[in-house]
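J.: Handing you a structure now.
What follows is calculated from the coordinates using simple rules that are stated; it is not laboratory data. This structure is a prediction, so every number in the text was calculated from the model and none was measured. Cβ atoms come from the backbone with ideal geometry, glycine included; neighbour counts cover every protein chain shown.
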Amino acid sequence: MSTALAIDLEKMARAANVGIVVLCGLMALAGHYVSFYFHFLTVTLIFVVLLNYYWRHVQTRHALLANFGWIAQFRYIVESVGPELRQYLFASDTEERPFSRVERAEVYRKAKGIDASEAFGSLLDFSRSDIKVRHSFYPADQADMKPFEVVVGAARGLASAYTIRRPVMISAMSYGSLGEHAVRALARGAKRAGIVMNTGEGGFPKYHLMEGGDFIFQLGTAKFGVRDEEGRLDETKLAELAALEPIKMIEIKFSQGAKPGKGGLLPKEKITPKIAELRTVPMGQDVVSPAHHLECKDAASTVAFIGRIQRVSGLPTGIKFCLGRTDELRALLREMKQQDTVPDFITVDGAEGGTGAAPKSFMDYVGLPLFEALPLVDDMLREEGLRERLVIFAAGKLISPGKQMQALSLGADVVYTARGFMLALGCIQALECNRNTCPVGIATHHPHLQKGLDIEEKAGRVVNYVEALCQGHRELLSATGRTATRDLNRQNVYLPVLSGTAALAALPNGEEAVA
Amino acid sequence: MRRPVLTYTAQAVAGLIMLYAALLKFQGAPMSVEAFSALGMEPTGRYLIGCLELLAGLMLLSPFAALGAMLTAGVMCGAVIAHATRLGISMASGDGSVPQSTLGPGIFALAALGLVIVCALYVLISRRKELPFIGDTL
Ligand SMILES: Cc1cc2nc3c(=O)[nH]c(=O)nc-3n(C[C@H](O)[C@H](O)[C@H](O)COP(=O)(O)O)c2cc1C
C-alpha cells in the first residue's frame, strides 16, 4: 500500500501537543505520590507546555510552529545544523563548494609540508570534461629549467620596474575582511617565501608594513587610505604611500569577480577608531564604496586616471577587473593606445572569485569565469598590439599547481590566489567571513578568535604552501616539455568542447609549431 | 543598543540570592536539611539543587544570563511545588521546634523566593531572544 507509511503530520502534532500536557500531569502525580524527584520532569514539562502554548496561540511569525507546535522545532533544529552535518558527514570528497574536500586537503597538506601524493587513482569524474594540462612526449630535464622571472613596468622603462621571481602571489584581501593576525601571518610568510602580497582595499597597510616584504597597494573604488573627504583621490597621500620602500606596485581595482559592478557599504557600527584611521574615513557615519571610481566615467577618463596614478606614484601600476563586456574592453584598449597610456599589468579576476561579503546574485550570476575571460583578454591584447607592453595576472580558484598551470597556459604571466592562502592559514570553509565569527580567527576581529591564529606558526604554513606550489610548477612544467613558464601557451592545455568553451578551442592562438 | 539598567539589576539581585541559596544548601543549614528531609531527598537532592542554584547564579552574572534565568525559574518552580504540596508555608521558618512561627525567617525566605521569581522572569523575558535554538522564535 502506498499510503501505509505516510505520516499524518497533523495527527501526530495533535498527539504530541496533548501528549506533553498529559505527561506533565503524570509527572506531577508521580512527584507527589512516588518521589519528589519526578518534579524535575514536571518543571521541565511545564516550560515546554508554556512555550508550546506561546508558539501555537500567541506568536504569528512562524506558521509551522503555529500549526504544529513543538514538533515543528525539530525541523528548525535539523535545518540549522544542516550545513555542518552535510560538511562533516554527508558531502562526498569531491562535491563540496567552493572548494571540495579533495582540493582543500591538497592545500592543507602542502601548507603543513606533508607529502601530497595519492594512491590508486583520481577521485575526479573524468566523464565530466574539465580542462587538463597536456603533457609532452619529451619532458624537459629539471636541470634545464630556467628561473621564473617576470618584470613589471619594463615596457615603460621604469626605474622602479619590479621583478617577480615566483609564479604565485597573494591576491587582494583587505585588512577589515581579514583580522590583524591573518594579515601579519600572510605578510610574514610572503616575505620569507619571497613572494608579493596585495594589500587589498583596506586602506593604509599598517599591519602589512609591520612585517616588511614587497606589496602591491590596492586602490579600491573608495580609495581607502588615499582619499579626500569626498572620496576622490588625494594625490599627496598617494605619493607619500608610494614612496614607502615596501610598496612596489599599485593596483587600481575596477571590479572583482565575486561582485562585479557592485560597490559596498561600510556601516558606521563597523568603523572602529583603528579602521577609521587606516582607511582615512570619519567615525560615526556610513562610508560608501562606490561601484566605480568617481573619476572614471568612460574609456577616456578611465585611461586618463590610470595615467594619473602612474605619474603620481611613479610605480608600476595596473588594473584589476572581472571581464564583462568585450566591446567595452576593446574600446578601453584602443583608448590606451590613443593616449599612449598603458597599465603595467592587468589582473583578470574570474567570476568564481571569493570575497569577504557580497550579494548572492552577484556571486552566482555576474561576470565571466576565469578560464573564459583569460584567453579573451590575452587575444584582444595581442590583436591590439598591447600584449608585449604589459603582463597579465590571473585569479579565480587557482589554489593548486595544476589549476595554476592551466591559467599560465591560457595567457596569465603570474597567478594570484586569495583563498588558497586562507586555506593555508587554516581556513575550514565555514563560510562566515561576513559575520566576524570566523572560527579559525582569519576573517574576524574578535581577539579571542584571533588568539588561535599564531602568526609565526601560520607564516610557516604560508612558506610551505608556496614552496610546494613552486615544486608542483616545476614538475608540471617539465612534463609539458617546457623549460620556462613564459613558454607555456594554449598548446599545453586541453579545452573540452563544452557549449561555453567551444569558441575557445577554436581560437587561433592555440596552434603553434611544436618546439 | 543600551540594555536597560533594570535588566542588569534584576540579574544581580536574582544571581546573588541564588548564590546565597546555594551556599545554604552546601553548608547544610538546618532549614534546608529539614526541608529536604521532608521531601525525602536528603542529602542527594539538597546537593543537586545546590549545584543547580550555583550554576544558575553564576550564569545570571555572566553573558549566559538568559539561560541562567531559565534555570532559576525552573528551580524556583520546583520550590513553589514543594511548598505548595509538602512543606506548607510554615516550614520556611526553618525552625521545626516552633512550628507555627509564621513571622521572622519564614517570611523573609518567602519574600526572597518571590523576589527571585519576579527577577528571573523579568530577565528571561527581556533576554528571551538570546536563548539558544528557541530564541529566534520568541
Ligand atoms: C576574504 C576576502 C577578501 C577579499 N578582499 C578583496 C579586496 O579587498 N579587493 C579585491 O580586489 N579583491 C578582494 N578579494 C578577492 C580576491 O582578491 C580574489 O580576486 C578572488 O578571491 C579570487 O581568488 P581566489 O579564488 O584564489 O580566492 C577578496 C577575497 C576574499 C576571499
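J.: Please report, in debye to the nearest 20, how large the charge dipole of the protein assembly as shown is about its Cα centre when each Lys and Arg carries +1 at its beta carbon and each Asp and Glu carries -1 there. Please report the intermediate quantities before stating the final value.
T.: Values: 67 positive and 63 negative charges, 177 e Å.
So the dipole magnitude of the protein assembly as shown works out to roughly 860 debye.
J.: Along the charge dipole of the range B:5-128, pointing to its positive end and built from +1/-1 on Cβ of Lys, Arg, Asp and Glu, which listed residue (B:F64, B:A21, B:A38) has its Cα farthest out?
T.: My answer, from the dipole projection, is B:F64.
J.: In a shell of Cβ-Cβ distance under 13 Å around A:E328, excluding A:E328 itself, what net charge do Lys and Arg (+1) and Asp and Glu (-1) give? Intermediate results must be reported in sequence, preceding the final value.
T.: Values: positive: A:K297, A:R325, A:R330, A:R334; negative: A:D298, A:D327, A:E335.
With Lys, Arg at +1 and Asp, Glu at -1, the neighbours total +1.
J.: Can you give the mean number of other chain Cβ atoms that lie within 10 Å of the Cβ atoms in peptide B:37-47? If you can, show how the numbers build up before the last one.
T.: Details: counts 0, 1, 5, 4, 4, 0, 0, 1, 4, 0, 0.
Other-chain Cβ atoms within 10 Å of each residue's Cβ, averaged: 2.
J.: In addition: How about the range A:416-464: which GluC sites (Glu not before Pro) there lie in a loop by DSSP and see at most 10 other Cβ atoms within 10 Å?
T.: In loop regions of the range A:416-464 (DSSP not H, G, I, E or B), there are no sparsely surrounded GluC sites (Glu not before Pro).
J.: Modelled label-to-label distance, A:E235 and A:E118, 7 Å Cα→beta-carbon offset: nm?
T.: Spacing of the two 7 Å Cα→Cβ label points: 5.5 nm.
J.: Specify, per residue and in Å³, the volume enclosed by the convex hull of the alpha carbon atoms belonging to the range A:149-283.
T.: Convex hull volume per residue, Cα atoms: 123 Å³.
J.: A further question follows. Which residues does a label at A:E467 reach in the range A:186-201, if reach means a backbone N under 13 Å from a point 7 Å past the Cα toward the Cβ?
T.: What the label zone holds, given the 13 Å backbone N cut-off, is A:192-194.
J.: Per residue of the range B:6-11, what does 6.51 cos²θ - 1.76 cosθ + 1.60 with θ = phi - 60° give for ³J(HN,Hα)? Whole Hz please, x for Gly and Pro, Karplus curve as stated.
T.: Running phi through 6.51 cos²θ - 1.76 cosθ + 1.60 with θ = phi - 60° gives 4, 4, 5, 4, 4, 4 Hz.
J.: If you don't mind, another one. Could you pull out every residue, at least 5 positions away or on a different chain, whose amide H is within less than 5 Å of the one on A:K132? Hs are placed 1.01 Å off N in the peptide plane, and Pro or chain starts have none.
T.: It is A:Y494, by chain and number.
J.: Same structure, new question: Which whole-Hz ³J(HN,Hα) couplings does the range A:202-210 yield from phi under the Karplus relation 6.51 cos²θ - 1.76 cosθ + 1.60, θ = phi - 60°, glycine and proline marked x?
T.: Computed from phi, the couplings for the range A:202-210 are x, x, 4, x, 4, 6, 5, 5, 4 Hz.
J.: For the range A:456-492, list residues with backbone N below 18 Å from a point placed 7 Å from the Cα of A:V151 toward its Cβ?
T.: A:485-487
J.: Treat each spin label as a single point 7 Å out from the Cα along the C-beta direction, and report the A:T60 to A:V34 distance in nm.
T.: 4.3 nm
J.: For the pairs A:K146/A:K191; A:K112/A:K274; A:K397/A:K458; A:K237/A:K270; A:K110/A:K146, flag any whose C-alpha to C-alpha distance is greater than 29 Å. Don't jump to the answer; show the numbers that get you there.
T.: Working: A:K146/A:K191 22 Å; A:K112/A:K274 33 Å; A:K397/A:K458 21 Å; A:K237/A:K270 24 Å; A:K110/A:K146 23 Å.
Violating the 29 Å limit, Cα to Cα: A:K112/A:K274.
J.: Hey, if you put +1 on the Cβ of every Lys and Arg and -1 on every Asp and Glu Cβ in the range A:281-366, which of A:A358, A:C322, A:A304 ends up farthest toward the positive end of that dipole?
T.: About the Cα centre, the residue reaching furthest to the positive side is A:A304.
J.: Per residue Cα convex hull volume for chain A, in cubic angstrom? Write out the running numbers ahead of the final one.
T.: On the way: hull volume 116.6 nm³, N = 515.
In chain A, the Cα convex hull volume per residue is 226 Å³.
J.: Which GluC sites (Glu not before Pro) in the range A:25-113 sit in a loop by DSSP (not H, G, I, E or B) and have at most 16 other Cβ atoms within 10 Å of their own Cβ?
T.: Numbers: sites: A:E79, A:E84, A:E95, A:E96, A:E103, A:E106; in loops: A:E95, A:E96.
Answer in residue order: A:E95, A:E96.
J.: Convert 37 °C to kelvin, take the viscosity as 0.692 mPa s, use the Kirkwood radius over C-alpha pairs of the range A:9-80 as Rh, and evaluate the Stokes-Einstein diffusion coefficient in µm²/s, rounded to a whole number. Display every interim value, and only then the final one.
T.: On the way: Rh = 12.9 Å.
Reported coefficient: 254 µm²/s.
J.: Work out the mean other chain Cβ neighbour count within 10 Å for the residues of A:30-42 and drop it here as an integer. Before the final figure, lay out the partial values.
T.: On the way: counts 0, 6, 3, 0, 1, 4, 11, 6, 0, 8, 7, 0, 3.
For peptide A:30-42, the averaged partner shielding equals 4.
J.: Sequence gap at least 6, Cα distance under 8 Å: using those rules, report the relative contact order of chain A to the nearest whole percent.
T.: After rounding, I find 18 percent.
J.: DSSP loop GluC sites (Glu not before Pro) in the range A:121-224 with at most 15 other Cβ atoms within 10 Å of their Cβ, which ones?
T.: Details: sites: A:E149, A:E180, A:E201, A:E211; in loops: A:E149, A:E201.
Listed in order of number, the matching sites are A:E149.
J.: Right, next: Mind checking the dipole of the range A:174-297: about its Cα centre, +1 per Lys or Arg Cβ, -1 per Asp or Glu Cβ, Debye to the nearest 20? Could the numbers behind the result be given before it?
T.: Working: 18 positive and 16 negative charges, 89 e Å.
Roughly 420 debye, rounded to the nearest 20.
J.: Then there is this: Can you compute the radius of gyration and Dmax for the range A:71-180, using only the Cα atoms, both in Å?
T.: Answer for the range A:71-180, Rg first and Dmax second: 22.2, 73 Å.
J.: Still on this structure, please answer the following. Apply the Karplus curve 6.51 cos²θ - 1.76 cosθ + 1.60, θ = phi - 60°, to the phi angles in the range A:36-41 and return the couplings in whole Hz, x for Gly and Pro.
T.: These are the phi-based 3J(HN,Hα) values: 4, 4, 4, 5, 4, 6 Hz.
J.: Something else now. Near the amide H of A:A291, under 5 Å away, which other amide H atoms are found, from residues 5 or more places off or on another chain, if H is placed in the peptide plane?
T.: A:G263
J.: Nearest 10 degrees is fine. How inclined is helix A:101-112 to the longest principal axis of chain A, computing both from alpha carbons?
T.: Approximately 60 degrees, to the nearest ten.
J.: Along each principal axis of its Cα atoms, how long is the range A:250-398 end to end? Whole angstroms, biggest number first, please.
T.: That works out to 49, 36, 25 Å along the principal axes.
J.: Per DSSP H run of at least 4 residues, take -39500 (n - 2.57); add these up for chain A, divide by its residues and hand me the 222 nm value, nearest 500 deg cm²/dmol.
T.: On the way: 18 runs with 203 residues, N = 515.
Helices in chain A give a 222 nm mean residue ellipticity of -12000 deg cm²/dmol.
J.: Taking the dipole about the Cα centre of the range A:102-170, with the C-beta of Lys and Arg at +1 and of Asp and Glu at -1, give me whichever of A:A155, A:I170, A:A143 is farthest to the positive side.
T.: Ranked along the dipole, the leading option is A:A155.
J.: Oh, and also: Across peptide A:67-76, how many C-beta atoms of other chains are within 10 Å of each residue C-beta, on average? Don't jump to the answer; show the numbers that get you there.
T.: Numbers: counts 0, 0, 0, 1, 0, 1, 3, 0, 0, 4.
Mean number of neighbouring Cβ atoms from other chains: 1.
J.: Report the far tail of the P(r) of the range A:238-321, meaning the percent of Cα-Cα pairs longer than 18 Å. Each step should come with its number before you reach the end.
T.: Values: 1955 of 3486 pairs.
Cα-Cα pairs of the range A:238-321 separated by over 18 Å account for 56 percent.
J.: Between A:K132 and A:K360, 0.36 nm times their residue separation minus their Cα-Cα distance comes to what? Can you show the working numbers first?
T.: Values: separation 228, 0.36 × 228 = 82.08 nm, distance 2.95 nm.
Additional length available on full extension: 79.1 nm.
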